[in-house]
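Below is one structure, written out as structure tokens, with a few remarks after it.
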Amino acid sequence: MVLMGSMCPRRPLGLLLALLAAAALANQLEDIPHNEVKNWALKFGVDLWEFGRHFTKMNQIQNKYHEYNVDVVRKDGLLLVRELAAEVKNHMDFKINAVMRIMDSAEAAALSAGSGASDGAPGSYYDARWLNVHADDGTLAARARRLSLTPSRHFDHIAVNSSYSAVLMPPYINTDDGEVQNQIAWSEHLDPLFVNNYEIDPTLSWQYYASSTGFMRRYPAMSWPPEDGYSHHARDFYDFRSSNWFVEAATSPKDLVILLDDSDDLSSSYWRLAKSTVSALLDTLGPNDFVNIYRYSDTVSELHTCYTKVLAQAIPETIRELKTTLWNAELSGGVANLTGALTSAFEILHRYNRTGQGCQCNQAIAVIGAGGGAAGVKGVFRTWNWPHMPVRIFTYRVGGDAAAGHTMKDMACTNKGFYVTINEHSEIKSKVLHFVEVLARPLVMYQTVHPVHWSPAYVGGRSSSLADDGMGQLMSSVTVPIFDRRNHTQREANLLGVVGTDVPIDQLKKLVPPYKLGVNGYSFMVDNNGHVLYHPDLRPLHTNEEYTETLRPLYSSVDLTDVELLVDSDENSRVNLTSLLLDLRHDMIEQREGETEIAVKVQYDNMRRVATRRQRYFYSPVDGTPFSLAAVLPDGYGMYELQAEQEVKHSPINVTEYFKGENWKVHPDWVYCEYASTSDQSFNSAEEQLVHFLSRTGRPGWKWMSLRPRALTLHNAHKKQDRDSYYCDKTLVQSLIRDAMVIKELDAHTGHASHHNQQGRFHKFVVTLSFIATRSGLLKWTENTNTSRSTDSAESHFSERYARAFDSEWYRRAVEHHAIEPESFVFSVPFRDGSEAEELSGRPPLVLATHAVFVESRGHRAPAAVVGLHFQLDSLAKHFLNVTSACTVGTVCKKTCAGDELDCYILDDNGFIILSEDASQTGRFFGQVDGTIMDSLVQDRIYKKVVVHDHQGRCPDSRNPFSGDGHKLTPLKPLSWLGSYLTSLLAVWFPLWETARARARPYAEEEVDYEDYENEDGENDDDLDRDRGTYEIIIDGLGETSRDNGRSHTGPSPPPGGGGGAMPPPPREAARSAAVRPCDTSAELFTLQSSRLNTAQPLKGKLTNCHNSGCERPFSVQKIPHSNLILLVVDTLCPCGAKRLDVRPREAGARAACRPAPARHRRRAAHCGSYHPEEIEIQSCGRGERMVPAITSLIVPLVLRLVIST
């Protein structure tokens, strides 16, 4: 007992010694030295922080701001957005007033001119097609007129004459027509008003009178194709009469039901003609209209099964889907049941009218077919439409006989509609437009109301900005209708046309200065349909190619809910974010003022990075327009702003001294000071323009002119602006000067010996460039002359890539990261997906490190600037290897990053590789390199997976003839081409054979893309081989050509390979589409959860059961302090799978067969003109079939036979 008792105290001591020895041995044999990982991360992070802190002088910058009288104040979001909305309204009022003045003058000029003969004959006016056109001998061509044209930055960078207008004419308009000549003549009197409008408001863009006869008078005068223009492949001017800006200005909104005959009464050729007519009708609709298509034969059914018992809002997506279904539809056959079709149409229109759905204005039915099955239609009209006729009937006879034509005409004339007969594709456009003219009648007859229409956004001509990239700018058009006030012998209600002006949206955005919103703040505008006029994430599908070649706008209709991406609901289970966003949308549509707060996802770097944040939304109506404006501010730092300005007159030196040298830039899109577009002053850069105005500020009599001109009421006399009038943003310019003063004083400090001693401590990091970007849009940089890249490098300079530094991702991310870890840098390297060719020789990759400088005053903090460095990756890699190849003093470790047992990575906060032992992996997403480990990091909540949906995605279009999958050459295809050639040859010599062939052939020249009928004449064959570019018009009719955009050509074409001719492109499918098509895409992105990583201890992980050998793969993760980086150390001895993750967007899963459109709120147009009691007196309701084709078919064969016999 005593022995045992005496031994008891010794046993714990021995056990303790044994445990310590075992622990030491375990540490030496540990798979990963976790404690060393922590030490490596700590040393590496501290070294980077000290290096960046001293090199960027960020503390000195902060102190310099405090030396001046600065203040940090809280923003009043509602007051701010109210003031901004008032500025936007003032700008829009100028445009509306200009258009209304043109309207008054146009109606007065037309009334004075009367209907008599005129001097509008060809050659008597400036025809854009014949300006400065010379004959072969160098003299002026017969119809041409000489006019001096001068390139203008303000007008799309093309040559114009601002003293005159010019007439743009589609090729098929009959210039000998008396009404066309009359309108050309009297509209010339609008020129003085065009000039006067431009003198009053030099921000005005193109002004125009668009005649319902098909020509456009456009100011200022230009030639077509443009001289010195942006389009080297201009085609014929398009027919604008089906465009949104024309149709919706001329008519009130409408509910339209289209009834398409697909019975046995239609042959295959007439079936295609009927489908083209339907397509043309769809082209006249806009987002304020509602539509559906029914097909009828034995039965009546919706053409598109997704739109059952509904009228769909006619947004581009709906029109695209309806057209796709239309051109894929096959002829059903059977007996036409027009009575049943009309009943179905009336039922749905009546239901929509009774329940308050649809547009609640015009209602119409369009019948396209042969006219069969019409017995009993009068009974339907008595039941549903007579005597008040709330629904108009439009009939388009395609095929059928004279009796059917009489019946269809009677249907239209007894229901306030219009009847036409369509025999060929070339007449569809003009005949369908009667639909617009008839719907305009009530407005024309009242003559008192001229509704102002703002079109949806489209990509138009080039920007007037000094930083114009030639890719076009977002535009809108404001238009009003022009009515015929002349007295006629018979009661008529004629729409003369539409007048309007184009409004660059950049001009609206200038009125909402980004510096007032702050970094990561932004603005957007929403119309009455909830569609955004502009938004930082609005990415229109189309480029401006179609506009520059034909002046045809392709509209965007992106909903607010498609650009504001909500965080996942599980993060905010207590708040219904979808409801908050819909409430915001509803209030903005109803033009209410208010504010809300929503958590959203924010994507950076072309949808490769993501962050989440709470944002404050402040919104206010733009009175007198269909728009509302919203200002969005990040919660927290976004609610405060730094007020630090330098009065020019109190500056110790001439302010231009702060802007010497070539190592600075200002934001090229911001308005510091600018002259009116009428000024003769011109500048090559924003910097040159700024220095010019700064030099003027020191002269006697300088005035800031910080208040823009105010729009007066319509009939008040407006003062013409001086040619050299200017505007300066005093707050922005004086903030810029203060920022420049801070930087200038620091530059002087850079020359001190103490500064060089500090820099010498960090010689191991090879810095190529340091920079500072400020809240005022100033970017200034200092290059290390010892390491700067050669001037002949193909890569653009840092200052060229980031002239818009305030908008850059590194600026925005630095400020955002400051809220997570104030004393830190954000590191990044250029993205690579592993598919690029290795081109790193001689140009080592550069690391970008940025840090946000905040200034504090009275307990509030606001961002003042972002400082940063560019330094060589290999110098960073060397330092990393030095740190991670050594163990802490006093310890022994068998494994380091220098050995083969461990793989060491530096990853950023979105999972991209900053450093790796394999240099080719730099910039790649880590999931592509080792998806198994990345997936484990997600499972351990070190990274969070965030799915980002993009409703404006672009996907390859397999139907496109340029995409490789569109049309494959089959063995029988050459025989098909040969057959087409032979039948075309027969058609030339035997026109009667053409008539028989029209009913038998499956594809023919009738299958021309409707959009291009106006281009059928006068085509240049060189266009056939021209690449049409990336984007095209999305959907329209069938055709046998693709690179010529479906234009028909007279005469036979040689077979492939024959006659030395080029092989014609293969036939298209149902749509002429682009190399891309609109689609929904999604990407799985990742964001670091810093709260999961304890800087005091690394997070240990281990992969098990990932290899058939049963081995385990441990890893260690440690946050690198003062950065957005983590250190990941992985054991290499156990291979674990080949899983790969990717952040690149992919098309979302196939949509359901029927995806019902969400019942989104919208606000109806303020005015509806659908009824006038005297309209019934108008007798004009239709036109019969032309006899010319029939006579020609009899005469031409006889003439040809006489020629052959002789």
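Residue-normalised convex hull volume from the C-alpha trace of segment 405-535: 193 Å³ per residue. Counted by neighbouring Cβ atoms within 10 Å, the residues Arg441, Arg462, Arg613 run from fewest to most as Arg613, Arg462, Arg441. With a Förster radius of 25 Å applied to the C-beta separation of Thr448 and Arg592, the computed FRET efficiency comes to 0.25.
Of the GluC sites (Glu not before Pro) found in segment 423-514, the ones in coil according to DSSP and having at most 13 other Cβ atoms within 10 Å of their Cβ are Glu424. The distance separating the Cα centre of segment 42-74 from that of segment 197-224 comes to 54 Å. Legend: calculated FRET efficiency, Ala375 to Glu330, from the Cβ-Cβ distance at R0 = 22 Å, rounded to 0.05, equals 0.25.
Near Leu496, the amide H atoms lying under 5 Å from its own belong to Ile482, Phe483, Asp484; only residues 5 or more places off or on other chains count, and H is placed 1.01 Å from N. Karplus-derived 3J(HN,Hα) values for segment 908-919, using 6.51 cos²θ - 1.76 cosθ + 1.60 with θ = phi - 60°, are 8, 6, 10, x, 8, 7, 8, 9, 8, 5, 9, 4 Hz; glycine and proline are entered as x.
Counting neighbouring Cβ atoms within 10 Å and putting the fewest first, the residues Val742, Val567 line up as Val567, Val742. Couplings 3J(HN,Hα) for segment 145-156, derived from phi with the Karplus relation 6.51 cos²θ - 1.76 cosθ + 1.60 (θ = phi - 60°), are 10, 8, 8, 6, 10, 10, x, 10, 5, 5, 9, 6 Hz, where x marks Gly and Pro. Here Asp283, Asp502 are placed in order of increasing Cβ neighbour count within 10 Å, fewest first, which gives Asp283, Asp502. With the highest mean first, a sort of the peptides 861-868, 82-89 on other beta-carbon atoms found within 10 angstrom per residue produces 861-868, 82-89. Take the alpha carbon atoms of segment 896-946, find their center, do the same for segment 352-390, and report the distance between the two centers in whole angstrom. Going from one Cα centre to the other spans 66 Å. Counted residue by residue at 0.36 nm each, then reduced by the alpha carbon distance between them, the extension gain from Gln60 to Ala86 reaches 5.4 nm. Extension gain for Arg696-Gln360 works out to 115.2 nm (0.36 nm per residue, less the C-alpha to C-alpha distance). Placing a label point 7 Å from the Cα of Tyr1171 along the Cα-to-Cβ direction, the residues of segment 348-375 whose backbone N falls under 18 Å of that point are 349-365.
Shape summary of segment 489-630, radius of gyration then Dmax from alpha carbon positions: 18.8, 72 Å.
A simple packing score, the average count of other Cβ atoms within 10 Å per residue, orders the peptides 535-542, 252-259, 363-370, 927-934 as 363-370, 252-259, 927-934, 535-542, with the highest score first.
Close amide H pairs (under 5 Å, H built 1.01 Å from N) link Val133 with Ala141, Arg145, residues at least 5 positions away or on another chain. Scanning residues 5 or more positions from Lys601 or on other chains, those with amide H under 5 Å from its amide H are Leu565, Leu566, Val567, with H placed 1.01 Å from N in the peptide plane. Working note: Karplus 6.51/-1.76/1.60 with θ = phi - 60° gives segment 552-560 the couplings 8, x, 10, 8, 10, 9, 8, 7, 4 Hz, where Gly and Pro are set to x. Relative protection proxy for 41-53, 387-399, from highest mean packing down: 387-399, 41-53 (other beta-carbon atoms within 10 angstrom).
Bear in mind these aren't lab numbers, they're just calculated from the coordinates by the rules spelled out. As the structure is a computational prediction, the values presented were derived from the model and not from experiment. Positions of Cβ are generated from backbone atoms using ideal geometry, with glycine treated the same way; all protein chains shown enter the neighbour counts.
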